[in-house]
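Down below is the structure, laid out as structure tokens.
Here, each number is a calculation from the coordinates, and none is a lab measurement. Keep in mind that this is a model prediction, so the values were computed, not measured. Because the Cβ atoms are built from the backbone with ideal geometry, glycine has one as well, and the counts that use them run over all protein chains shown.
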Amino acid sequence: MALSSYAGAFSASFQYPSTSQPKIPRIANSNLKNYGLVTKQPVLGSSQNWNITPFENLKDQYLSKYPSYNEDVDVLRHVISEAGKDPSEGLKVVDAIQRLGIDYLFEEEIEEILQNQYILFDHYSDKEQNEDLCDAALRFRLLRQQGYYVPADVFKKFKDERGNFKISLTEDIDGLMGLYEASHLSIDGEDVLDEAKLLSGQLLTTSMTFLGHHRARVVANTLENPCHKSLAKFTAAKNLFGSSTTFHSDNGWIKMLQDLAKVEFDQVQSLHRREILQISRWWREIGLAKELTFARDQPLKWYIWSMACLTDPSLSQHRVELTKPISFIYIIDDIFDVYGTLDELTLFTEAVKRWDSAAIEKLPHCMKICFNALDNLTNEISHKVYSKHGWDPLHSLRKTWATLCDAFLVEAKWFASGQVPKAEEYLRNGVVSSGVHVVLVHIFFLLGQSITQETVEFLDNMPGIITSTAAILRLWDDLGSAKDENQEGNDGSYVECYIKERPGSSIEEAQENIIERISDAWKCLSKECLVSPNRPLPATFVKASLNLARIVPLMYSYDDNQRLPILEQLMKSMFYESVPM
């Protein structure tokens with residue numbers, strides 16, 4: 001299943017299973033030591049063996065280490081506000097803050113700058129207004145990323161009388177990079193942005209053959225990691241000391257922002273280490289790794305999803321709690337894929353739908369253990385949400401698990417019968433079996449923002465922000481996972497369904513169709529992220545949904561050895577390597 005079939009590898013610590021084991025490579029808890037995440041041995045054991053700094057003391061420690069921290073932040077707030085008074089400079093400073101991944105420190109300043117830019121947008125959109133492409137594209141992208149709807153027609157003034165983009169733009173590398181970045185925020189029907197993406201992508205690719213080394217690296221990074229579809233958390237290091245930084249040295253505030261970002265990187269790295277220790281201890285204490293020996297034992301991987309979705313350092317405990325239901329998506333997936341018979345899976349699904357422990361009496365011991373552990377976790381999370389936010393989410397959480405198991409069971413029945421469904425039918429079910437709905441509903445309640453009957457019902461009905469995110473994940477998984485993971489699994493793929501439905505079609509044609517479907521899903525997601533009266537969801541939830549979609553390509557970018565080298569290097573950097581101050 002899409003979320004739970006991530007099969008990456010972190011260095012040589014992954015052990016590939018025999019044919020009698022799950023088809024997904026494992027990572028052992030003990031290998032956390034290889035990444036400098038544990039400071040005292042043994043790695044796993046009683047709580048006395050964990051060297052964990054209490055969360056409330058972390059900030060005090062860093063204020064001691066960086067005594068001018070608060071003063072530096074205050075100075076930068078003033079600098080940012082002053083820079084924001086100049087329209088062009090204001091755009092650049094917001095872009096830099098976001099690329100460095102420290103926007104959570106300056107949310108008010110960013111909103112003030114962009115609100116002013118939005119008010120003046122019509123002025124800059126005037127065809128008679130002389131403005132370069134770089135600023136126009138950056139303004140468009142930043143406003144849309146902030147949730148403001150601004151029309152794509154602004155780019156028509158860069159076209160000639162024939163409706164083609166002006167030939168003079170071919171020499172404007174900065175403008176083309178900005179146009180390429182902006183084109184990734186298109187929504188359905190915006191042909192001008194589709195044209196912009198194709199043209200700018202082609203011209204930038206060609207430009208790398210004659211640009212200098214550093215400039216070519218900047219262009220390559222833009223093509224590979226457009227901001228809207230990338231996580232600043234994972235790419236910020238390049239803008240701290242990498243060779244592909246896009247910043248201009250003539251901006252006096254850049255060095256100040258970079259210095260602050262390095263301090264933040266150091267703090268957040270320690271915070272993530274602490275969170276991983278908490279999760280590993282929880283995983284050991286519930287004992288499922290021993291009871292369900294056929295299932296995956298990969299708490300670090302499960303945590304990565306949470307870390308990607310919830311990037312604000314203040315959401316530390318939210319990340320820890322979210323990793324727990326994510327682990328059960330993996331575990332239940334393995335029960336359906338590699339363990340249970342169809343009769344057992346049917347009974348298990350009915351038990352989850354009725355949420356009745358008596359209904360599991362005829363099931364194998366390990367499935368009983370799983371159900372009871374899931375019951376305990378769901379009750380525990382519901383109690384925490386109710387205690388903190390005054391809303392009991394128990395019914396909603398149980399409903400998501402029932403829906404997930406139903407979707408898993410549909411796939412199990414397809415496999416057992418040898419039936420290959422229509423591609424569209426497979427995708428509709430795959431959106432649910434991806435597990436994205438389970439993750440996002442848990443995020444919503446853990447955040448505790450804007451919880452009303454209206455928003456709860458809105459989420460229960462699987463709105464577009466969930467289905468588009470889930471489609472991106474499911475399709476990316478099926479784009480190459482069956483080949484890359486050498487799977488002989490029980491969950492099929494969109495490629496298989498597409499080819500079966502269209503005799504004579506090739507794998508390449510199916511993959512091209514998937515790429516188009518992913519593009520369409522991104523357009524839907526981008527539209528869902530725009531603020532509108534019909535969207536009752538809080539901005540933090542929307543960002544978490546977007547971040548989930550952003551991490552997906554990293555989770556499925558396999559090499560020929562069934563490894564994820566890009567993600568491996570990013571994790572090594574984030575968890576282990578220090579940033580030169």
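Below are the figures for this structure:
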quantity: Hits among aspartates and glutamates - C-alpha to C-alpha of K65 under 17 Å, sequence gap 8 or more where chains match; calculated: E56, D259, E264, D266
quantity: Cα shape, region 287-576, gyration tensor, a/c 1.5 rule; calculated: rounded
quantity: In Hz, Karplus ³J(HN,Hα) per residue of region 189-197 (6.51, -1.76, 1.60; θ = phi - 60°; x = Gly, Pro); calculated: x, 8, 4, 4, 6, 5, 4, 4, 5
quantity: Cα coordinate range in region 68-260, projected on the principal axes (Å, largest first); calculated: 57, 39, 29
quantity: Mean Cα-pair separation over length for region 305-411, i.e. relative contact order, pairs under 8 Å, 6 or more apart, %; calculated: 26
quantity: Mean separation of Cα contacts under 8 Å, 6 or more apart, over the residue count of region 287-576: relative contact order %; calculated: 20
quantity: Label-point gap, in nm, between Q419 and E380 - each point 7 angstrom along Cα→Cβ; calculated: 3.8
quantity: When each of K92/K572; K301/K413; K85/K523; K262/K543; K353/K413 is checked by Cα-Cα distance, pairs over 26 Å; calculated: K92/K572; K301/K413; K85/K523
